[in-house]
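Read the figures in this text as sums done on the coordinates, not as results from a lab. From a predicted model like this one, the values you see are computed outputs, not experimental measurements. Neighbour counts are summed over all protein chains in view; Cβ atoms, including those assigned to glycine, are modelled from backbone coordinates with ideal geometry.
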Amino acid sequence: MAGFYPYNPGLGQGMQSDVSGDLIDRAFVAHFAITAVNALAPVATGIHAAVTDDSTTQVITTAITNPLVPRTVTATAGGTAADIKAIAVTVTGTDINDEVLTEVLPVFTVNTAGIVQGTKAFKTVTSISIPAHDGTGATTAIGFGDKYGLPYKRAHLPVVAAYLNNALEATAATITASATVLSLNTIDLNSASNGTAIDAYLLV
C-alpha cells in the first residue's frame, strides 16, 4: 500500500515489549525457494571441465559455465595421483549482489585424488587460477557444491523448516551465517540436491 515503508530489520524498526519504552526487533518468516530445474545435484565439472596440468599456473577465463543459482564452488583433483600437489585453486567472480568475489579454495591432499569445496556462494565465475601440480598427469576440474547462497546478511538465520521435493526434511538444514559478508550466508539441506524443488523457511 502506498505510503508505507517496507520493513527493514537493518533500520532498527521494532515493536514494543511489555517493558515501558523498550523496543525489540521483530522476526519474519522468509520463504527461500529453488525451482527443480535450478536445484541440480552437485557436478564436479559443472563450471569447467578438467584441466590437464602443464607445469605452470594456468589462468582460465574461457569455457566457463556459471551455476544456475548462486552456489559454492568445488575443485576436483584427478588423473595420476602421484602427480597431484597440495595446491589451492583461486576462483574469482561475483556474488548474489553482483559484487566482485574472490576465494582461495582449500588445498588438495598431496598424491590423492579428491574434491574440495569453498564456503562462498558464487553467482558467476569469471576467472580460475590453477597452480602447477607435481606432474603433467594431474588434472583439476571446477564444479559447484550442494550449498546455496542466501540473499540475507545476518549473524543468525534460524531454519523453521526445509522441504526437498515437497517432503519435509527430518534433519534441519545447515546454515552458515555472516553479518558482514553476503556470500558466506549459505544453506545446505540434509538431503543432497537431486533436481527437485527446494523450499526453506527462515527467520530473518
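Placing +1 on the Cβ of every Lys and Arg and -1 on the Cβ of every Asp and Glu, with no other charges, gives the chain a dipole of roughly 140 debye about its Cα centre. Computed over neighbours whose Cβ is under 12 Å from that of ALA41, the net charge equals 0, Lys and Arg +1, Asp and Glu -1. Structure note, pairs LYS123/LYS147; LYS85/LYS120; LYS123/LYS153: Cα-Cα distances above 21 angstrom occur for LYS85/LYS120. Using the Cβ-Cβ distance between VAL59 and ILE115 with R0 set to 22 Å, the FRET efficiency works out to roughly 0.55. Computed log10 I(q)/I(0) for the chain at 0.10, 0.16 Å⁻¹: -0.51, -1.02, from the Debye equation with unit scatterers placed on every C-alpha and solvent omitted. Here is the size of segment 41-148 from its Cα atoms: Rg then Dmax, 12.8, 41 Å. Here's the picture: charge each Lys and Arg Cβ at +1 and each Asp and Glu Cβ at -1 in the chain, and of THR92, ASN194, THR102 the one pushed furthest to the positive end of that dipole is ASN194. Convert 37 °C to kelvin, take the viscosity as 0.692 mPa s, use the Kirkwood radius over C-alpha pairs of segment 61-115 as Rh, and evaluate the Stokes-Einstein diffusion coefficient in µm²/s, rounded to a whole number. My calculation gives 257 µm²/s for D. For PHE122, PHE32, the sequence from fewest to most other C-beta atoms within 10 Å is PHE32, PHE122.
Summary of the geometry: segment 31-86 and segment 140-200, compared by the centres of their Cα atoms, lie 19 Å apart. Calculated FRET efficiency, ALA81 to VAL29, Cβ-Cβ distance, R0 = 45 Å: about 0.40 to the nearest 0.05. Stokes-Einstein diffusion of segment 126-204 at 20 °C, 1.002 mPa s viscosity, Kirkwood radius from Cα pairs, rounded to a whole number: 145 µm²/s.
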